[in-house]
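Beneath this line is the structure, given in structure tokens, with notes to follow.
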């Protein structure tokens, strides 16, 4: 299997965690996003969006979009499960994940920030924008798991929610967001840090880290 | 069941289509987004993000995030199915849906456009931003189904992909995007328009339409 991504991409980071939790290995290919390697014609032939990651499964099929890749991994390699069995609990986990995967990460990704710069906004304003997007998303996430017992977002083992949260927290830190206001999320981060599946997936541990 | 939404919200529109395809009825409650009704304390108690829609199921449980709601509907009321049975095909449908639900719609929603205005950008620049987000997403979607036979995005019946596409096309039109460059997507729109599940869900047919 192959994972085409970038060490700092949160969406690639999510798939790395999921692969590790499933004890699956994939060959990693790196595309330097700031140099635009994801817009090469070779990459666009695999992924017409020109975004990372792209995943190639054992039979050579190409899959795009991190959440779709992770749902596929979970359906194809069900142990350990990344979603609860109960439909209502699955909906709660997916909802938490979507707060980050839909409403947070894409609003502060490299492409959107580059466009803000093109519109003449200063670096300070661009960083404030990214911090704002992270704060809004994380504030909702903190509320969504207020009644949960932990140590992970939804119970005793990691789910799609934690897979989306940990990379987003790394982004939030990078943009100067004060995480002290998110005690539940920080507790989840501590629990995740204890697991090799999460720590091995960290950007700084990747072969293409700068 | 209850759907708390807004006639013009694409995410509410998606859930309306899904409910209609499943032949389910829900009582509709409207929140005027431009007046900020989704940020009232009563609404925030249901949905800490302050975004529509929120869904209340028959047993009174609250669900948020349109994709999570639709996946729940599909698991709970499986006929007709909104995802193919084959995991790889499911991944392709979800990937198409995520191009719109993650990378397109949230980049051009009311909240993001309001923030651009706050930064002093002109109405022309804000509309160009929204058009750009739609164009990027729809261009990828057109490529993702280039090899499909139709009439829907992925085969003979509607899936989560079509449920996300039709509301996004309405947005794209509203922002002045030329749809002529997306012949496959336009063909899907024609097929969807023939189905009452889609036409009944259109914004202009809702009780809160202005």
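Worth pointing out:
- Of the residues screened, residue A:16 is one that is within 26 Å of residue A:207 (Cβ to Cβ), in contact with a strand residue (DSSP E or B) (Cβ under 9 Å, 6 or more places away or on another chain) and either in a helix (DSSP H, G or I) or at pLDDT 95 or above (or both).
- Residues located in segment B:102-115, provided they are under 30 Å from residue B:155 (Cβ atoms), within 7 Å of chain A (Cβ to nearest Cβ) and either modelled with pLDDT under 95 or assigned to a helix (DSSP H, G or I) (or both): B:106, B:107
- Selection from segment A:23-66 of residues that are in a helix (DSSP H, G or I) and within 18 Å of residue A:97 (Cβ to Cβ): A:66
- Search result, residues across segment B:176-210 that are surrounded by 19 or more Cβ atoms within 10 Å (Cβ to Cβ) and in a loop (DSSP other than H, G, I, E, B): B:177, B:182, B:201, B:206
- Options B:136, B:148, B:128, B:123: the member that is at pLDDT 95 or above, surrounded by fewer than 21 Cβ atoms within 10 Å (Cβ to Cβ), closer than 24 Å to residue B:20 by Cβ and outside the structural domain of residue B:10 (by TED's automatic domain parsing): B:148
Residue by residue, here is whether (1) more than 23 Å from residue A:185 (Cβ to Cβ); (2) more than 7 Å from chain B (Cβ to nearest Cβ); (3) not in a helix (DSSP H, G or I) holds:
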site	(1), (2), (3)
A:68	yes, no, no
A:74	no, yes, no
A:82	no, yes, yes
A:94	no, no, no
A:97	no, yes, no
A:100	no, yes, no
A:117	yes, yes, no
A:120	yes, yes, yes
A:124	yes, yes, no
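The values are calculated or read from the model by the stated rules, or taken from the named source; none is laboratory data. Here the structure is a predicted model, which means the values were calculated and not measured. Using ideal geometry, Cβ is built from the backbone for each residue, glycine included, and neighbour counts are taken over all protein chains shown.
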